[in-house]
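The values are calculated or read from the model by the stated rules, or taken from the named source; none is laboratory data. Just so we're clear, the structure is a prediction, and the values are computed from it rather than from any experiment. Because the Cβ atoms are built from the backbone with ideal geometry, glycine has one as well, and the counts that use them run over all protein chains shown. Accessible surface is based on the protein model in full, side chains and every heavy atom, while ligands, DNA and RNA are left aside. Shrake-Rupley method; radii C 1.70, N 1.55, O 1.52, S 1.80 Å.
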Amino acid sequence: GAVAATYPRPGEDEPLTPREFVTGYNNFYEFGTDKEDPAAHAHRLRTRPWSVVVDGECARPGEIGIEDILAGFDQQERIYRLRCVEAWAMVIPWVGFPLGELLARFEPTSRARYVAFETLLDPEQMPGQRRRVLDWPYREGLRIDEAMHPLTLLATGLYGETLPNQNGAPLRLVVPWKYGFKSIKSIVRIRFTAEQPPATWNRMQPDEYGFYANVNPAVDHPRWSQKSHRMIGGGWLAKRRETLPFNGYAEEVAGLYAGMDLRRFY
Amino acid sequence: MAGRDWVAWAKPGVFLLCLLPLALTLAQGLGGGLALGANPVETLLHRSGLWTLRMLLLTLALTPLSRALGRPWPIRLRRMLGLFAFFYGMLHLLVYLWLDRALDWPVIVEDLTERPYIIVGMVALVLMSVLALTSTRGWQRRLRRNWKRLHRAVYLIAVLGVLHFLWLVKADLREPLIYAAILGVLLALRLPWGRWRRASAQSVQSASAVARRSASSSR
């Protein structure tokens, strides 16, 4: 749509990833660690009723229901490239709205330097949580300026439809210049904090998964190169593509990290 | 008698069975569509690697099986299964070099010098190639007693293979740990438990025989 065109989008030679791959090849360990597990098990997740608690360093802490979120914010389409830390990527037409719009309603104070997010914890609905593969519930965090950046999206859908459960229904984060694991799914809690909040993968293996996790071809994952990635949907013989700094969104976001040593704060 | 050489009859069947994973994968790949999933290169890498490991473990299971059955026939399948492990290992390498890395040699050299899981995998493949090359009767004759020593490298290869799998996994170690456990059992079966038991049984027997003899002589 018109809105999408005003935002940076992947190049013309990067077609949308077919819907069946976007919804059939997922890392969402709450439903199992195989890529096909989320599509197979996410039907157990009940996304209504659903509400998000927003609290911490803000003037108006509270709770907001998913219906109010859908009705209260202008839903737009954004086509972003999603770059997984495992060196594959997709091009996804998200439906959603800037996270900053939601955060502003709760009036963060000057003490709010970070925003922490939490996924639902319920092994009944999320059978993957019965095994301690990760330290449940899944947690992620952003610096407040990253969270307020206009590219940072709260997604409620994809391909013009309601978000499928395996993609993080009913509400997930999309931060296109960071590796996919930062874009936390099925959010039930948002908290403004003064200190850097814990993030699940970062805590588990800090040398492999940084808090910032900005897409950066110059900083390899200790076990594989991040210089290139494979586009999902390209088939057997698809060439790898060169990975760009900040996943191609450097023009918009590089300024957030001016003066920071990105080798240290990876 | 037919019963005497049924292994010779069974061999072609086992051979075809070992080719089945490759045949199924080729059929899926050439059939197009989604059979190999969203990331077919990853699927091919993963499958060829798994079958290398499975063939290795099957090969290692034959000697204990032969001992347990008290029959030699499993040993006669050992070379073929070992060569199939090598075959799937080479396919794994080919998928990695050609489909995954597109023969981008600088990247491959970087992998081979900086990434421990790739280094151990490669060492295992090189060792496997040496064993495959010397698997013929001719080499067996030429190397004499050293042949057996050389082919003990299969234990190291299997350990490196499992390590390769363990080190590449992100968080869920369950699958590689299953392979590690099976390998552990297969290696443990090779410890000289039987000899110890026989030795201790013999010493008990001889002791009691001595006791019987002395008892009868005193009567």
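General remarks:
- Note on the stretch A:177-256 and the stretch B:54-71: Cα centroid distance 46 Å, given to the nearest whole angstrom.
- Average beta carbon contacts from partner chains per residue of A:233-244, 10 Å cutoff: 3
- B:M122 - accessible surface, heavy atoms, 1.4 Å probe, Å² rounded to 10: 60 Å²
- B:R144/A:L256 FRET efficiency (R0 56 Å; Cβ-Cβ; nearest 0.05): 0.20
- Amide H contacts of A:V54: A:G62, A:E63, A:I64, A:I190, each under 5 Å away and 5 or more positions distant or on a separate chain (H built 1.01 Å from N in the peptide plane; Pro and chain starts excluded).
- Shape category assigned to the stretch A:113-266 from the gyration tensor of Cα positions, a/c cut at 1.5: rounded
- Counting only DSSP H runs of at least 4 residues, each contributing -39500 (n - 2.57), and dividing by the residue count of chain A, the helix-based mean residue ellipticity at 222 nm comes to -3000 deg cm²/dmol.
- Loop-resident sites, the stretch A:23-68, for trypsin sites (Lys or Arg not before Pro), counting at most 16 other Cβ within 10 Å (DSSP): A:R46
- Protection proxy ranking, highest mean first, for peptides A:92-103, A:172-183, A:218-229, B:99-110: A:172-183, A:92-103, A:218-229, B:99-110, where packing is the per-residue count of other beta-carbon atoms within 10 Å, averaged.
- Shape call, the stretch A:16-90: gyration tensor on alpha carbons, a/c limit 1.5: prolate
- Remark: the stretch A:128-219 carries 31 Å² of accessible area per residue (probe radius 1.4 Å; ligands, DNA and RNA excluded).
- 11 Å beta-carbon shell around B:L65, net charge (K/R +1, D/E -1): +3
- Heavy-atom accessible surface that B and A bury in contact, both chains counted, 1.4 Å, Å² to 100: 2400 Å²
- With every protein chain in place, the protein assembly as shown: carbon and sulfur % of accessible area (1.4 Å): 60 percent
- Membrane-span-like helices in chain B (whole DSSP H runs, Cα extent of at least 18 Å along the helix axis, mean Kyte-Doolittle hydropathy of at least 1.6): B:116-133, B:153-168.
- Total formal charge among the other residues, if their Cβ is under 12 angstrom from that of A:S51, Lys/Arg +1 and Asp/Glu -1: -1
- Net charge contributed by nearby residues that have their C-beta within less than 13 Å of A:R143 (K/R +1, D/E -1): -1
- Cα centroid separation - the stretch A:118-147 against the stretch B:11-40, whole Å: 37 Å
- Prolate/oblate/rounded label for chain A (Cα gyration tensor, a/c 1.5): rounded
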